[in-house]
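Input: a single structure, listed below in structure tokens.
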Amino acid sequence: PYPGPVRAVLRNVGDSVRRGETLARVESAESLQTYAIATPIAGVVLDRQTNVGDVTGDTPIFVVGDLSRLQAELNVVTRDAGHVASGQAVMVSGLDGDTVVRARVASVLPTADASSQTLIARVPLPPVTELRPGMAVRGAVVLVERSVAIAVSSDAIQTYEGKQVVFVAAGKDAFEARPVTIGRASKTMTEITGGVKAGEAYVSKNAFLVKAEFGKGSASHEE
């Protein structure tokens, strides 16, 4: 509201700021008084487009974002449009797959994006430090949910000596190859209908390394 030269810049990109905190000071070209430019929200400075001596105009000189409130925008191809709706559960993950967040679809835009010919599903995310603004993410919409007595990570199931096995803890740094029968499976979890009891510790991540040790005739491996 007070166009004029910038006399002080007090915050930079990446700085955390409180609501009402001064970001810069500008001298009004009309009154020659210096006014504080304060942020209306608490958050993090995402962009700064000013330096001391610049003259302000009608373009923003700072962008402040509240990173505790993130939203994923997922592209839904038209053939899947009938399977995605508001309120549906969705598993949102980074492209590396290490971070998986369960959330719900807030809305699906009624019109398609002209360039990609996809619908946009908006998914508010809980605060997760691993997912940042601008990152590419994937969304897996939950179509059906079923409860099972025992399930293991799908990575835990290995083929050993012609059988499907799970490497179950059998003492300190030791494991046994336990043959299992499997039931239904998703992309990440598999139902176990026999061979493993509820509560038993098993190798999930890097189970193939344990399998390699067994192939060498060793029955011990650190998880």
Problem - Pick from the range 58-72, criterion over 14 Å from the mean Cα position of the chain (by Cα) and either closer than 14 Å to residue 139 by Cα or part of a strand (DSSP E or B) (or both), ranking: modelled with the lowest pLDDT - result: 65
Practice task
Test residue 47 against the criterion of being part of a loop (DSSP other than H, G, I, E, B) and surrounded by fewer than 14 Cβ atoms within 10 Å (Cβ to Cβ), and give yes or no.
Solution key: no
Handout entry: Residue check for residue 75: open to solvent by 30 Å² or more (accessible area, probe 1.4 Å) and modelled with pLDDT of 95 or more
Key = no
Completion exercise
Out of (1) under 27 Å from residue 141 (Cβ atoms); (2) open to solvent by 30 Å² or more (accessible area, probe 1.4 Å); (3) outside any loop (DSSP other than H, G, I, E, B), the one residue 98 does not meet is (3)
Completion exercise
So, first residue free of Cβ contacts under 8 Å to residues at least 40 places away in the same chain and within 29 Å of residue 105 (Cβ to Cβ) in the range 140-167, second residue of a type outside the set (Lys, Arg) and not in a loop (DSSP other than H, G, I, E, B), Cβ within less than 8 Å, six or more apart or across chains; the pairs are 154/185; 154/189; 154/190
Exercise for the section: Name the one entry in 169, 149, 140 that is of a type in the set (A, V, I, L, M), out of contact with any strand residue (DSSP E or B) (no Cβ under 7 Å at 6 or more places or on another chain) and open to solvent by 40 Å² or more (accessible area, probe 1.4 Å). Expected result: 149
Problem - Residue count, the range 14-26 (criterion: at pLDDT 95 or above and open to solvent by less than 80 Å² (accessible area, probe 1.4 Å)) - result: 8
Exercise for the section: Report, ordered by the first and then the second residue, all pairs with beta carbons closer than 6 Å, sequence separation of six or more or different chains, a first member in the range 15-35 that is more than 15 Å from residue 52 (Cα to Cα), and a second member that is open to solvent by 30 Å² or more (accessible area, probe 1.4 Å) and in a strand (DSSP E or B). Expected result: 16/44; 20/38
Completion exercise
With criteria (1) part of a strand (DSSP E or B); (2) within 23 Å of the chain's Cα centre (by Cα), residue 6 comes up short on (2)
Exercise for the section: Evaluate the range 106-116: report whether one residue or more is of a type outside the set (Asp, Glu), under 30 Å from residue 209 (Cβ atoms) and over 17 Å from the mean Cα position of the chain (by Cα). Expected result: no
Exercise for the section: Have a look at 103, 85 and point out the one that is part of a loop (DSSP other than H, G, I, E, B), among the hydrophobic types (A, V, I, L, M, F, W, C) and either over 11 Å from residue 140 (Cα atoms) or in contact (Cβ under 8 Å) with a residue 12 or more places away in the chain (or both). Expected result: 85
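The values are calculated or read from the model by the stated rules, or taken from the named source; none is laboratory data. No experiment lies behind these values; they were computed from the predicted model shown. With ideal geometry, Cβ positions are generated from the backbone for all residues, glycine too; neighbour counts draw on all protein chains shown. The area values use the complete protein model at the heavy-atom level, side chains included, leaving out ligands, DNA and RNA. Shrake-Rupley method; radii C 1.70, N 1.55, O 1.52, S 1.80 Å.
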